[in-house]
Structure formats: structure tokens, C-alpha cells
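The next block holds one structure in the form of C-alpha cells; read it before the comments.
Derivation of every value follows stated rules applied to the coordinates shown; laboratory data play no part. Fair warning: this is a prediction, and the values are worked out from it, not measured in the lab. A quick note on method: Cβ atoms are made from the backbone with ideal geometry, for glycine too, and the neighbour counts reach across all protein chains shown.
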Amino acid sequence: MPVPDTSLADIAGKAGVSPEIISAMVVFVAPLLVSPLAAVWKRWRGTTGPDTRAVIKVLTALIVGVGGFALGLYGYDLRGIVNAIGAAVLAYLKTTGDYERDVNVRAKADRVSATRQASAAPVPGGDLEPATLADVEAELMRQTGEWPGIPGIDYDR
């Protein structure tokens, strides 16, 4: 397949936008496309850890590197090839960083949740069920020795 004479990078260059600026924009936009696609793949194929990172690598290389070069975002010369490789590497780092951040946040949330559940006092009537009005009244009676109610009425008669 012959390479077109004019690329989007050439058109942008005539407008005063350098190919590196286009590469930087692609790096910032790519994770918005790669991350959801990787999440779909992860859910569909059940990948975890290193397998998910490999999926992110492949998607980033295909979308940012090959796709961007094929669309002419970087230009069809040596500078375009270097920009495509650089954009793919930076987009991969950004996407992987976002993935690692999400994994770490989820792991910390799970640890905090487990710690809170382990330290929570058991509630009468089941594990961490919400207290009923009868539970609150019984606890108030246990602590104060008085039954809550309308003042001035003797409930012991």
C-alpha cells in the first residue's frame, strides 16, 4: 500500500502545529480509549496482573503507535516513526500508571473495609445488621436502668 503524499502532521505543520504537539495530545487522549478497552478485555477474558498489563501494552501499541501512524498523526517520515514510538511509550506509561493507581486504591479500600468489619462490635440479631428501635431501647434500658418513654408515666405499674 503506498504512503499518501500528505499526512495530518503535514497539514498541522502548515498551520504552525509541530508533530510533537500532536504526539503530546495523543499521549493525553490515548488512555481515555485504552483504559476502557483494557477493562472490557479484562472482564471478558478474566485477565489479572501481568496479563492485564500485557493487554494494555498491545492495545497502546496498536492504537497509539500503529493507528496514529496509519492515520498520519505523526507524519510518514523518520521523525513520524520516532514520534509514534515515543507517543506509544508515554501513553503506555500513563495508562499503566492509571491502572496501577486503580488497583492500589481498590486494595487499600479492601484492607480498610476488612479492618473495619473485624473491629466492629457484633450487633444483636446478626452480623452488622442495622439496629432496630427495639435494639436501641434495650441498650438504653441496659445503660440507664430506665425505659425510654414519656416523662411522668410510670411504666412499672
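Quick notes on this structure:
- Largest first, the extents of the alpha carbon coordinates of region 1-77 on the three principal axes equal 46, 28, 16 Å.
- Listed by chain and number, the lysines placed with their C-alpha closer than 21 angstrom to that of Lys14 amount to none; residues fewer than eight positions away on the same chain are left out.
- Solvent-free Debye scattering, log10 I(q)/I(0), computed from the Cα coordinates of region 44-115 at q = 0.20 Å⁻¹: -0.83
- Cβ crowding within 10 Å averaged over residues, with 106-114, 12-20 ranked highest first: 12-20, 106-114
- Taking the average, over residues, of other Cβ atoms within 10 Å as the packing measure, peptides 47-55, 27-35 rank 27-35, 47-55 from highest down.
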